[in-house]
There are 2 protein chains.
Amino acid sequence: MENQKSTKPRVVVIGGGFGGIRAALALSKYGVKITLIDRYNYHLFQPLLYQVATAGLSVDDIAYPIRAIVKEKKNIDFRLAKVTGVDFENKTVLMDTGTVNYDYLVIAAGGMTNYFGMKSVEENSFGMKTLDESVIIRNHILSMFELAAHEKDADKRRAFLTFVIVGGGPTGVESAGALSELVYHVLTKEYHHINFKEARIVLVEASDKLLAAMPESLREATVETLISKRVEVRMCVQVTDYDGQRLTLKGGEVIPTNTVVWGAGVRAIDLMDNLGVEQGSMRRVVVNEYLQIPNHPEAFVIGDAAHFMQDERPLPMIAPVAMQQADVAAKNIDNLLKNKELKKFAYRDVGSMATIGRNAAVVQMGNFKTHGFFAWAIWCFVHVLRLINFRNRAVVFSKWVWDYLVYERVVRIITRK
Amino acid sequence: MENQKSTKPRVVVIGGGFGGIRAALALSKYGVKITLIDRYNYHLFQPLLYQVATAGLSVDDIAYPIRAIVKEKKNIDFRLAKVTGVDFENKTVLMDTGTVNYDYLVIAAGGMTNYFGMKSVEENSFGMKTLDESVIIRNHILSMFELAAHEKDADKRRAFLTFVIVGGGPTGVESAGALSELVYHVLTKEYHHINFKEARIVLVEASDKLLAAMPESLREATVETLISKRVEVRMCVQVTDYDGQRLTLKGGEVIPTNTVVWGAGVRAIDLMDNLGVEQGSMRRVVVNEYLQIPNHPEAFVIGDAAHFMQDERPLPMIAPVAMQQADVAAKNIDNLLKNKELKKFAYRDVGSMATIGRNAAVVQMGNFKTHGFFAWAIWCFVHVLRLINFRNRAVVFSKWVWDYLVYERVVRIITRK
């Protein structure tokens, strides 16, 4: 309720991810005051979370303080808070720490792991959508090797050394590739008592495709590369249950394992469920062609939280969509202020890419497609450039070069019990 | 109980700190098998913990996997376990995960925070002896600024912004200097709603000296530098109670604060209390001139865990003592194996140094003493060199250069709630 004396309209932006940060920075050029809210004090470069989980990068390499990003913009006020609801009637955002009024609202609250209602899987497997979750995975994987090193029971040892990744999208494929390199290039040198033939990395995918958005030749290259890295690729296989010890697949097959990483689905964050507005696929909020919530023209939704139809399909939950929508939502708030006509949103496809490890990636941009070393170089280049801060870029780049030259992963510390 | 078939004697080393790692590596040259036990899987460069607590370095910059350190030594076996006791009668080390037999034992278990029996202080203040504790301090300090940014009650706000560090040794002095730079050089630029005149950094010391081991001119330079960095230096002041909100000093003065960092004392780790052997000052185990436990000639104690008298005083609990003792203990085990005369231990003073922040440090080595920029350059050089791995050195060095040039602290992320 503060700072209501100023006559400038207030825009509240919920979420400090790719969409929210971009929207706040775009809005800062217009004559508005902005309150940017996130439950964390940092912006997270989610596409590299799997490298934290596999001990290649440390947490601060891919996280950057939101206040540092917006410090030059005096009209952006940051609030560290968890949003619990929105009162559209009174134009108020409800937080765990209080309330804040708005004239315009941008909801860029992002996504969360989707377990499709499987409670046992949700309770016992590892999600990988937050920084904490990635660190927990890293700690867990390294602990499994410590346990295996002194375990005499062969069955228990094999379960410690079996790592199942569920989901054949970019998260699953990249995690499997990175885990293979951690296990077979780095840890082999240090666990002299472990027989690495007992180790298994299994990638499970329900459909008949890995990286479904990619053209067929790249999908095939992906499977071949993973197999060459000793990843067992299991397609057309559905998970039905996981009790923490035994992963059950449809048809009854059981894989004994202490580690299941769940990368098989994303949905809009649960905040969307209690806004009282129409939701589309993956619980996302249905928006109109201007990214507004129907009946609430002052409220925009962008990114993973928004269900936007284009070419008769909802847009995918990826960063480029969120960032392009951020620009249009910010522009449309300015248009509303100036009584100008609103701009329609249309997504321009920027292609997609995924890395499968050392010298191996797949890249598709328009009609251009490539895989292997050149694709891997493009992938590294693009991802380093997209990191938000020069120092982060320099550190991440130097770590990648180091790991490449000496087959090392230095972040192999177990930080919590 | 494993690997007892080999005829080579087994040496168990408890602790992967400066003393334990050095002892294990020294022993690996002799004809013995070594089991190195630590409750963490990493070696920690404790002298830089305060830089993690003040957001200058990240956890993996000062922690390095023990398995990576010893991977070339095939006769060193690492065990991730917490030692719970020693059965000297049966020459067995008891761990939370099982037992291991030894022919020779090196106890290098280190120290822990000493609260001198003040329960309220122990419960409500922050210790800074482990990596986790440093991260908790960082998260807490940053959270205080987030709370203060939106707190209307002036008393509460001032308590959020008051940071008390207890202890005028290197830990306290270095923490106070680093915190001053974080607050007044970095955070001032980002919390536009905070009046930094409400912030206080207070360094409390019970005696009339900061850095008591230093010559007088350097002690005076230390106080002057801290004051110029807006640190309130309070000497001859004892803490009597802290309830989490109010710090009570002897004489009745009360400082309202949500943050007390306790750097006022160290003692040998509590494992030493249940060995059933004689303990000296700070609960350390009394050893003879060869570093053996009297009556247990096959058991050596080194570093913070050992009470060793020299020039009628117990040696200080610092890394150089531990490392010099490691070499002698390893040599004496070899001497015992070869029925040779044991070597007496004598500590060679290597001097001491402390940094108080940007361009400011104090350095004393023998008769040489200096302070200011040159001392600070020496401090940086020595500490970077002492980091255990080339990559860590390169990353830490580049972070210091970066922070120096742009007055930045990039690790300002709150990782846990």
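The values are calculated or read from the model by the stated rules, or taken from the named source; none is laboratory data. Quick caveat, the model's predicted, so the values are computed rather than measured. Neighbour counts are summed over all protein chains in view; Cβ atoms, including those assigned to glycine, are modelled from backbone coordinates with ideal geometry.
To keep it simple, each residue is scored yes or no on (1) part of a loop (DSSP other than H, G, I, E, B); (2) farther than 24 Å from B:Ile21 by Cβ; (3) touching an Asp or Glu at 6+ places or on another chain (Cβ under 6 Å).
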site	(1), (2), (3)
B:Ala299	no, no, no
B:Glu341	yes, yes, no
B:Arg348	yes, no, no
B:Ala354	no, no, yes
B:Val363	no, yes, no
B:Lys369	no, yes, no
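Filter the stretch B:84-100 down to residues that are part of a loop (DSSP other than H, G, I, E, B), of a type outside the set (D, E, K, R) and away from chain A (no Cβ under 14 Å) and give me whichever is nearest to B:Gly19 (Cα to Cα). Show your work before the answer.
Taking the stretch B:84-100 first, the residues part of a loop (DSSP other than H, G, I, E, B) are B:88-91, B:96-97.
Checking which are of a type outside the set (D, E, K, R) leaves us with B:88, B:90, B:97.
Next, only the ones that are away from chain A (no Cβ under 14 Å) stay: B:88, B:90.
Working: B:Phe88: 21, B:Asn90: 25 Å.
Out of the qualifying residues, it is B:Phe88.
What number goes with the only condition from (1) within 14 Å of chain B (Cβ to nearest Cβ); (2) assigned to a helix (DSSP H, G or I); (3) among the β-branched types (Val, Ile, Thr) that A:Thr415 does not pass?
Among (1) within 14 Å of chain B (Cβ to nearest Cβ); (2) assigned to a helix (DSSP H, G or I); (3) among the β-branched types (Val, Ile, Thr), A:Thr415 violates only (2).
Might you let me know whether the stretch B:91-109 holds any residue that is under 30 Å from B:Ile141 (Cα atoms) and either at pLDDT 95 or above or in contact with a Gly (Cβ under 7 Å, 6 or more places away or on another chain) (or both)?
Keep residues of the stretch B:91-109 that are under 30 Å from B:Ile141 (Cα atoms), which gives B:109.
Retained after the next criterion (residues that are either at pLDDT 95 or above or in contact with a Gly (Cβ under 7 Å, 6 or more places away or on another chain) (or both)): B:109.
For the stretch B:91-109, residues under 30 Å from B:Ile141 (Cα atoms) and either at pLDDT 95 or above or in contact with a Gly (Cβ under 7 Å, 6 or more places away or on another chain) (or both): present.
So, restricting to strands (runs of 3 or more DSSP E) that lie completely within the stretch B:196-250, which ones have at least 1 residues that are modelled with pLDDT under 95, on the phi < 0 side of the Ramachandran plot and in the same structural domain as B:Glu146 (by TED's automatic domain parsing)?
On the way: elements: B:200-204, B:231-234, B:239-242, B:246-249.
Because the criterion is at least 1 residues that are modelled with pLDDT under 95, on the phi < 0 side of the Ramachandran plot and in the same structural domain as B:Glu146 (by TED's automatic domain parsing), no strands (runs of 3 or more DSSP E) in the stretch B:196-250 meet it.
Within the group A:Gly357, A:Gly366, which residue is free of Cβ contacts under 8 Å to residues at least 40 places away in the same chain and on the phi > 0 side of the Ramachandran plot?
Numbers: A:Gly357 fails: free of Cβ contacts under 8 Å to residues at least 40 places away in the same chain.
Result of the check over A:Gly357, A:Gly366: A:Gly366.
Under the condition of being touching a Lys or Arg at 6+ places or on another chain (Cβ under 7 Å) and over 19 Å from A:Pro297 (Cβ atoms), which residue from the stretch A:101-131 is farthest from the other protein chains (Cβ to nearest Cβ)?
Within the stretch A:101-131, the first condition is being touching a Lys or Arg at 6+ places or on another chain (Cβ under 7 Å), and the residues that meet it are A:101-103, A:111-114.
Filter again for over 19 Å from A:Pro297 (Cβ atoms), leaving A:111-114.
Working: A:Gly111: 20, A:Met112: 16, A:Thr113: 18, A:Asn114: 23 Å.
Among them, the one singled out is A:Asn114.
Name the residues in the stretch A:106-152 that are among the hydroxyl-bearing types (Ser, Thr, Tyr) and over 30 Å from A:Ser281 (Cα atoms), would you? Quick ask: steps written out before the conclusion?
The initial filter retains those residues of the stretch A:106-152 that are among the hydroxyl-bearing types (Ser, Thr, Tyr), namely A:113, A:115, A:120, A:125, A:130, A:134, A:143.
Passing the criteria: only A:Ser143.
Looking at (1) more than 27 Å from B:Ala53 (Cα to Cα); (2) more than 23 Å from the chain's Cα centre (by Cα), which is the one condition that is false for B:Val285?
Here B:Val285 clears every test but (2).
What are the residues in the stretch A:69-83 that are farther than 15 Å from B:His193 by Cα and outside any strand (DSSP E or B), if any? Break it down stepwise before answering.
As a first pass, look at the stretch A:69-83 and keep what is farther than 15 Å from B:His193 by Cα: A:69, A:81-83.
Listed by number, the residues that qualify are A:Ile69, A:Ala81, A:Lys82.
Quick one: in the stretch A:370-412, of everything that is without any contact (Cβ under 8 Å) to a residue 60 or more places away in the chain and polar (S, T, N, Q), which residue is farthest from the other protein chains (Cβ to nearest Cβ)?
A:Thr370
Looking at the stretch B:139-162, is at least one residue surrounded by 23 or more Cβ atoms within 10 Å (Cβ to Cβ) and of a type outside the set (A, V, I, L, M, F, W, C)?
no
Within the stretch A:16-68, restricting attention to residues that are over 19 Å from the mean Cα position of the chain (by Cα) and closer than 30 Å to B:Arg391 by Cβ, which residue is farthest from the other protein chains (Cβ to nearest Cβ)?
A:Ala68
Can you confirm whether B:Ala176 is more than 29 Å from B:Ala322 (Cα to Cα), hydrophobic (A, V, I, L, M, F, W, C), in a helix (DSSP H, G or I) and in contact (Cβ under 8 Å) with a residue 40 or more places away in the chain? First the steps, then the outcome.
Numbers: more than 29 Å from B:Ala322 (Cα to Cα): no; hydrophobic (A, V, I, L, M, F, W, C): yes; in a helix (DSSP H, G or I): yes; in contact (Cβ under 8 Å) with a residue 40 or more places away in the chain: yes.
Criteria not met by B:Ala176.
Out of A:Ile141, A:Ile137, A:Ile165, I need the residue that is assigned to a strand (DSSP E or B) and touching a helix residue (DSSP H, G or I) at 6+ places or on another chain (Cβ under 8 Å). Which one?
On the way: A:Ile141 fails: assigned to a strand (DSSP E or B); A:Ile137 fails: assigned to a strand (DSSP E or B).
On inspection, the qualifying residue turns out to be A:Ile165.
Tell me the residue from A:Gly85, A:Gly31, A:Gly98, A:Gly19 that is small (Gly, Ala, Ser) and either assigned by TED's automatic domain parsing to the domain that holds A:Glu181 or buried (at least 24 other Cβ atoms within 10 Å of the Cβ) (or both), please. Talk me through it step by step, then tell me what you get.
On the way: A:Gly85 fails: either assigned by TED's automatic domain parsing to the domain that holds A:Glu181 or buried (at least 24 other Cβ atoms within 10 Å of the Cβ) (or both); A:Gly31 fails: either assigned by TED's automatic domain parsing to the domain that holds A:Glu181 or buried (at least 24 other Cβ atoms within 10 Å of the Cβ) (or both); A:Gly98 fails: either assigned by TED's automatic domain parsing to the domain that holds A:Glu181 or buried (at least 24 other Cβ atoms within 10 Å of the Cβ) (or both).
From the options A:Gly85, A:Gly31, A:Gly98, A:Gly19, the qualifying one is A:Gly19.
Condition (residue is of a type in the set (Gly, Ala, Ser), at pLDDT 95 or above and surrounded by 17 or more Cβ atoms within 10 Å (Cβ to Cβ)) applied to the stretch A:266-283: is it met by at least one residue?
Yes, the stretch A:266-283 has at least one match.
Conditions tested, residue by residue: (1) free of Cβ contacts under 8 Å to residues at least 24 places away in the same chain; (2) surrounded by fewer than 24 Cβ atoms within 10 Å (Cβ to Cβ); (3) of a type in the set (A, V, I, L, M, F, W, C).
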residue: B:Gly172; (1), (2), (3): no, no, no
residue: B:His185; (1), (2), (3): no, yes, no
residue: B:Glu198; (1), (2), (3): no, yes, no
residue: B:Ala221; (1), (2), (3): no, yes, yes
residue: B:Met235; (1), (2), (3): no, yes, yes
residue: B:Leu249; (1), (2), (3): no, yes, yes
residue: B:Pro256; (1), (2), (3): no, yes, no
residue: B:Gly263; (1), (2), (3): no, no, no
